[in-house]
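Okay, structure first, notes after.
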Amino acid sequence: MSVNVPNGYKQTKVGVIPEEWELVRLGDVVDFLDHKRKPIKSNDRQMIKGKFPYYGASGIIDYINDYIFDEELILLGEDGANIVDRSTRLVFLAKGKYWVNNHAHVFKSKDTMNNYFLCEYLESLNYEKYNTGTAQPKLNKDTISKILVKKPPIKEQQKIAQILTTWDKAISKQEALIAEKEKLKKGLQQKLLSGEVRFEGFDGEWEEVRLGDVVKIYKGKQLNKSTLTKEGAFPVINGGIEPSGYTNNFNTLENTITISEGGNSCGFVNLITEKFWSGGHCYTLQEIQVNNTFLYQSLKFNENRIMRLRVGSGLPNIQKKDIDNFKILSP
């Protein structure tokens, strides 16, 4: 199919771009420093809880007492589910003094590339087609070296970077306001959900009850992963925080409280406001004898306590009997 290319633009393998822009391979405009990164061994715990960021595939994962790098570099996650699901950021611009383990590629832009521009460009890409892993998604160095990069003139890169940096600062301010409001809400939750603060006209004693005495807890039905789609009428809620896919059928009504049964997010509490399919790693709370919204807020406030019910080493899970016996305060 022919493409109508406007004046001043040209057709390339990645689409139409301005004539002044080049199309280059990542490996031609950066120097890889993977040989300098180093994982911290489990017995090196004396290094933990320091002042230098410790980066992995998902960004900063701790702060330690030593560093490897002391310059502005780009980090690209090498392995993990985020390569495919992109639930969090995959590319980071690291500054100052920091340590990087062997789960993130490290590279330095050459003089013809602006670090911030390249970082944002790489973050915008879909990495599924570059995945070389089988059991776990992975991006190997040879593959990402061949990624095609749109390369404007350096001054235009700097202008683009400047605009995006301005947006980053605005987002950071907004996130700081949200964090402050969340902190205030947590304080309010503590006072209201414990009965420390009462409304006028309410003075009866609160009762400690077993969750299993005020709700019926059901485990969902697992669907074959190959039948799930990226889009569909109803989300499939399983052991994760986000839907594991979509399907055209549902087995649970809207406004249902869920608790993740298995996986790294087991114990996560959610209120699903639409019809959905409850999967094999999802508990649903039904036939509720207390106010549904109050119960959700109470369980969400106690989410960390629920997560401490986890058992198992390989794939953690929470047993139904432990959810049944979980105690909450009920006005």
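The values are calculated or read from the model by the stated rules, or taken from the named source; none is laboratory data. Since the structure is predicted, the reported quantities are computational estimates derived from the model, not experimental observations. Heads up, the Cβs are rebuilt from the backbone with ideal geometry, glycines too, and the neighbour counts pull from every protein chain shown. With ligands, DNA and RNA removed, areas are computed over all heavy atoms of the protein, side chains included. Shrake-Rupley method; radii C 1.70, N 1.55, O 1.52, S 1.80 Å.
List of remarks:
- Region 202-232: trypsin sites (Lys or Arg not before Pro) in DSSP loop, at most 15 other beta carbons within 10 Å: K221, K230
- FRET E, pair Q11, K38, Förster distance 41 Å, beta-carbon r, rounded to 0.05: 0.40
- When the GluC sites (Glu not before Pro) in region 40-130 are filtered for DSSP coil states and for at most 12 other beta-carbon atoms within 10 Å of their beta-carbon, the remaining sites are E71.
- Debye log10 I(q)/I(0) for region 185-312, one point scatterer per Cα, at q = 0.16, 0.22 Å⁻¹: -0.83, -1.31
- Residue-normalised accessible area of region 113-268, expressed per residue, 1.4 Å probe, Å²: 65 Å²
- Sequence-distant contacts, meaning Cα pairs under 8 Å at least 6 residues apart, place the relative contact order of region 18-103 at 32 percent.
- Computed FRET value (nearest 0.05) for N102 with I241, which takes r as the C-beta separation and R₀ as 45 Å: 0.95
- Spacing of the modelled spin labels on V24 and N131, each 7 Å from Cα toward Cβ, amounts to 3.0 nm.
- Within region 83-115, backbone nitrogen closer than 17 Å to the virtual label 7 Å beyond the Cα of D31 toward Cβ: 106-115
- Residues considered: V269, V209, V236. Largest GNM mean-square fluctuation over the chain, using C-alpha springs under 10 Å, is found at V209.
- Measuring nothing but how far apart in sequence close Cα pairs (under 8 Å, 6+ apart) lie, relative to its length, the chain scores a relative contact order of 13 percent.
- Pairs of Lys residues in region 152-215 are counted when their Cα atoms are under 23 angstrom apart and they lie 8 or more places apart or on different chains; the count is 11.
- The fraction of accessible area contributed by carbon and sulfur in the chain is 50 percent, rounded to a whole number (1.4 Å probe; ligands and nucleic acids excluded).
- 18 Å tail of the calculated P(r), region 143-246, as % of Cα pairs: 79 percent
- Given charges at Cβ of Lys, Arg, Asp, Glu: region 171-262 dipole, positive-most of A233, T256, Q190: A233
- Residue-span extension gain [E287 to A170] - 0.36 nm each, minus C-alpha spacing: 37.6 nm
- Considering all different alpha carbon pairs of the chain, the Kirkwood hydrodynamic radius works out to 23.7 Å.
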